[in-house]
């Protein structure tokens, strides 16, 4: 009923949003003699703020048409490498001719990187800055999860086991010796997927895995989010957080954890900060500070765009990741089989944490080093970025200037080592054959 009431409220406000949009255009019109008056500027700003906070935000565009390599502009084409009901694998394909011109004819291939976006209420486009920083020196893929309210119930269910299966299939599409990056929520399922691939000797096992602000072990430095998950019994989440998708969405009757509930949870954690941001936005509009107002709109157009998760995925994540800590305790099962992180021996590991992260506290991501006991110490790297919170781990100036270069160097080192091993194997076999014959 809550979902239906929420949609009803949006529809009730629709005429008012339309009126606010027309009112903003009226007060900002160059033909309006009162445009620059105190009353005109305040009226336009008030209407603009009202329209922005009551709008339905749809999935944003990637807006990554070009990247720059050695000061040469290289066009980008966003392609779907693999499509499935609940998510797709997106490839940011760089123009080969322009890339060769930028790098030189003798330059070799770049590392293939799979960025695993979180399925936690926001679209994958939230990682636009993450992708943008990786594009110049990497062949980038990303998981693009679908809004569950748009998936018909005929498509079946989607839980944490399915998530792991999707990641394995996506890695098989990307190919062997790729490099993986999990941002926040997908840390545990990616680690589980790589553990399963290691146990089955999957030929498409990646060369590296990087976990960024991920709840590998949510018992470490518990945050408000972790404490809420611990405080309430599992049945509380099932009774209070799960809703049925209403008409007219394609996924009507599907049981979901609505994106608007997730968004309200995030906003409530920093409500003063968001109120101040909108107050500043109002003042920027009144003062005519277009750059600051546009920066605000750019952030909130992304932040307020939310999607639903399937009930089974959300509830299993709550139970296994935030209440039972199954992976950290060696008890996580995939399709009934125990997942063994210690089986990972040939995949290099890097963890990245933010000093001020209020979603995944310090130590939660570092726990990957303890449970991946089969990886040699020389193949492990731990990095803590000072002065950044959760969002700053994968976006913003610190990400671009300090964190991304560390990840780039980590990937490049193991990419070069893998290439060297491949070369040695290529030339070693004929030599061994000759020795045996002699």
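The values are calculated or read from the model by the stated rules, or taken from the named source; none is laboratory data. Only a predicted model underlies this, so the values are computations on that prediction, with no experimental measurement involved. Here the Cβ is made from the backbone with ideal geometry for all residues, glycine too, and neighbour counts use every protein chain on show.
Just to be sure, is residue 320 surrounded by fewer than 17 Cβ atoms within 10 Å (Cβ to Cβ), touching a residue at least 40 places away in the same chain (Cβ under 8 Å) and out of contact with any helix residue (DSSP H, G or I) (no Cβ under 6 Å at 6 or more places or on another chain)?
Values: surrounded by fewer than 17 Cβ atoms within 10 Å (Cβ to Cβ): no; touching a residue at least 40 places away in the same chain (Cβ under 8 Å): yes; out of contact with any helix residue (DSSP H, G or I) (no Cβ under 6 Å at 6 or more places or on another chain): yes.
No: the conditions fail for residue 320.
Of the conditions (1) within 21 Å of residue 145 (Cβ to Cβ); (2) out of contact with any helix residue (DSSP H, G or I) (no Cβ under 9 Å at 6 or more places or on another chain), residue 4 satisfies every one except a single condition; which number is it?
It fails just one condition, (1).
Listed residues 371, 411; which is surrounded by 15 or more Cβ atoms within 10 Å (Cβ to Cβ) and touching a strand residue (DSSP E or B) at 6+ places or on another chain (Cβ under 8 Å)?
411
Please state which one of 406, 342, 331, 353 is in contact with a strand residue (DSSP E or B) (Cβ under 8 Å, 6 or more places away or on another chain), surrounded by fewer than 18 Cβ atoms within 10 Å (Cβ to Cβ) and not in a loop (DSSP other than H, G, I, E, B).
406
Looking at the structure I just gave you, is residue 267 at pLDDT below 85 and under 26 Å from the mean Cα position of the chain (by Cα)? Quick ask: steps written out before the conclusion?
Numbers: at pLDDT below 85: yes; under 26 Å from the mean Cα position of the chain (by Cα): yes.
So residue 267 passes the test.
Of the residues 103, 93, 59, which is over 19 Å from residue 278 (Cα atoms) and out of contact with any strand residue (DSSP E or B) (no Cβ under 9 Å at 6 or more places or on another chain)?
After ruling out the rest, the residue left standing is 59.
Working carefully through the options 68, 79, find the one that is more than 23 Å from residue 182 (Cα to Cα) and either in contact with a helix residue (DSSP H, G or I) (Cβ under 9 Å, 6 or more places away or on another chain) or part of a strand (DSSP E or B) (or both).
Criteria check complete, one pass: 68.
Taking residue 358, is it part of a loop (DSSP other than H, G, I, E, B), modelled with pLDDT under 95 and in the same structural domain as residue 204 (by TED's automatic domain parsing)? Steps first, please.
On the way: part of a loop (DSSP other than H, G, I, E, B): yes; modelled with pLDDT under 95: yes; in the same structural domain as residue 204 (by TED's automatic domain parsing): yes.
Answer is yes for this residue.
Yes/no matrix, rows are residues, columns are (1) surrounded by fewer than 18 Cβ atoms within 10 Å (Cβ to Cβ); (2) over 16 Å from residue 309 (Cα atoms); (3) within 18 Å of the chain's Cα centre (by Cα); (4) modelled with pLDDT under 95:
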residue: 91; (1), (2), (3), (4): no, yes, yes, no
residue: 111; (1), (2), (3), (4): no, yes, no, no
residue: 117; (1), (2), (3), (4): no, no, yes, no
residue: 144; (1), (2), (3), (4): no, no, yes, no
residue: 160; (1), (2), (3), (4): no, no, yes, no
residue: 175; (1), (2), (3), (4): yes, yes, no, no
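Enumerate the helices (runs of 4 or more DSSP H) found wholly within segment 83-194, keeping only those where 3 or more residues are closer than 30 Å to residue 249 by Cα, touching a residue at least 60 places away in the same chain (Cβ under 8 Å) and in contact with a helix residue (DSSP H, G or I) (Cβ under 6 Å, 6 or more places away or on another chain).
In segment 83-194, 160-174 are the helices (runs of 4 or more DSSP H) which contain 3 or more residues that are closer than 30 Å to residue 249 by Cα, touching a residue at least 60 places away in the same chain (Cβ under 8 Å) and in contact with a helix residue (DSSP H, G or I) (Cβ under 6 Å, 6 or more places away or on another chain).
So how many residues does segment 1-35 have that are surrounded by 12 or more Cβ atoms within 10 Å (Cβ to Cβ) and outside any helix (DSSP H, G or I)?
Going through segment 1-35 one residue at a time, the tally reaches 4.
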